Amino acid sequence: MHHRLAIIGFGTVGRGLAEILHKKKEDLKQRCGVEFSVVAVSDLLLGSVYWEKGLKLSQLLNLANEGQSIAAYPDGIKGWDSFRVIKESRADTIVEVTYTDLKTGEPAISHFKAAFESGKHLVTTNKGPVALCYRDLAAMAEERGVQFRFEGTVMSGTPVLNLAARTLAGTTIKDIRGILNGTTNYILTEMEKGLSYSAALKQAQEMGYAEANPEADVEGWDALAKVIILANVLLGGDLKVQDVPRKGITGLTPEDIHRAAQAEMRWKLIGKVQRENGSVVASVAPETIPNSDPLAGIGGATNALTFTSDFLGPVTIVGPGAGRLETGYALLNDLLHISVGDGIGSKDFW
Ligand code: HSE
C-alpha cells in the first residue's frame, strides 16, 4: 500500500524519521508491504514545500542539515503554512513533531485538531497535547474515524505504550514506576562519577538529550508529562498537571549523592502511577533506591519502566528514551500500525 505523509516540524525528530524512511525504503516495501512518500514538510524556521508526487528525502535532508530553507527544493509549491499543509495537502497522515509546550500544548493542539477535522490520521512524539488533553483529542479522532498514535511520547521508540496496551492486554496494571527522563538520569550518573551538576547538564545538552529549555528536564516537567500520559492512557485516569506532585533534581548536592553511595543506594528521578482507593494517582520525585533495585542499575540517558499487574507481577522494559533515530523509529512504528495494523512482519516473526 501507498501511505502519504506530511511532516509538520523538521527539527531533530522530523529529520530522524525522514532519514529512516530514506534508508529503509526498500525494506519497508518488501517486508511490510508499505511504500511511504513524504508529500509535504512545513517548518517554522526552514519554510515549507508541498509536492504531491513525493519529495526526495535525501535532497530535503541535505537542505535542512545545511541550514538552508527547504523552500529551495527544486519542485513543488512553496510557502504554505502548517495549517494549509494539514488541511489541503493530499497526505493520509500528518506527522506532528513541532516544539513541545507543556503549558499550552500549542501550536500542536491546533495542528492535531486541524488534522482530525480534515479526516487525516495523526502521529506524534509531542508530549504537551497528549499530557494536557488526551481524552478530548482521542474522542475527536474517534468521532472522525481517524487514528491518533503517540508511542514516542514516552521513552521514544522503546515500545512502552504498545507493550502495555497490546502485549499486557487482559492484565490489570496496578502500578507503573520508572526512570522517564534521560537528561536527569545522565546528570545523576555523571555526578556519581564526580562531575559537577553544570558540567553534566552541559554534556547532556551537547548529546541532544535535553529539552530546548532544560528546566523541563531538571525540574521534572518532562517526567511529569510522561506520567500523566501513562496514567490517562493506560490506567484510565483523568489527571491534570496540578494533580501530580512534582520535584526535580536541582536540590540534590554532590554530598547527597556521595552519602547515598556510601549506603549502597542511588538517587534516581522516579515517576510513579498507581491505582489507589479506586482512583489513579501519580508523582515525580527524586528517591534513593537500593543498588539491588533493577532501576538502580539504569545509568546514563537510558530509561526504564516497571509495570506491575495482577497476573505477571513486575515486568521491566529498559531502553532509550530520547535520540534522533530512536524517536524517529517511534513514528515509523505508529505509521506501520496505521498502514497494516497488527500484521507487521508476522510472517517473519512467527
Ligand atoms: N529531554 C527528554 C529526556 C527527551 O531527557 O528524556 C525525551 O523526552
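Quick notes on this structure:
- Some residue of the stretch 208-218 being in contact with a Leu (Cβ under 9 Å, 6 or more places away or on another chain), surrounded by 24 or more Cβ atoms within 10 Å (Cβ to Cβ) and either of a type outside the set (Phe, Trp, Tyr) or touching a residue at least 12 places away in the same chain (Cβ under 8 Å) (or both): yes
- Residues that are without any contact (Cβ under 8 Å) to a residue 40 or more places away in the chain, surrounded by fewer than 23 Cβ atoms within 10 Å (Cβ to Cβ), under 19 Å from HIS3 (Cβ atoms) and not charged (D, E, K, R) within the stretch 47-57 comprise TRP51, LEU57, listed in sequence order.
- Check on VAL273, closer than 25 Å to ASN232 by Cα, surrounded by 13 or more Cβ atoms within 10 Å (Cβ to Cβ) and away from the ligand (no atom under 16 Å from the Cβ): yes
- Every residue from the stretch 142-163 that is closer than 18 Å to THR98 by Cβ and in a helix (DSSP H, G or I): GLU151, GLY152, THR153
- Subset of the stretch 28-45 [part of a loop (DSSP other than H, G, I, E, B) and over 16 Å from ARG84 (Cα atoms)]: GLY33, VAL34, LEU45
- The condition of being at pLDDT below 95, more than 15 Å from the ligand (Cβ to nearest atom) and either crowded, with 20+ Cβ neighbours inside 10 Å or aromatic (Phe, Trp, Tyr) (or both) holds for only one of ALA204, ALA164, that being ALA164.
- Among the residues of the stretch 293-310, the ones that are among the charged types (D, E, K, R) and surrounded by 20 or more Cβ atoms within 10 Å (Cβ to Cβ) come to 0 in all.
- THR184 being within 16 Å of the ligand (Cβ to nearest atom) and crowded, with 23+ Cβ neighbours inside 10 Å: yes
- Just one of the listed residues (TYR209, TYR186) is in a loop (DSSP other than H, G, I, E, B) and of a type outside the set (A, V, I, L, M, F, W, C), namely TYR209.
The values are calculated or read from the model by the stated rules, or taken from the named source; none is laboratory data. Please read these numbers as outputs of a predicted model, since none were measured by experiment. Cβ coordinates were reconstructed from backbone atoms using ideal geometry, including for glycine residues, and neighbour counts include every protein chain displayed.
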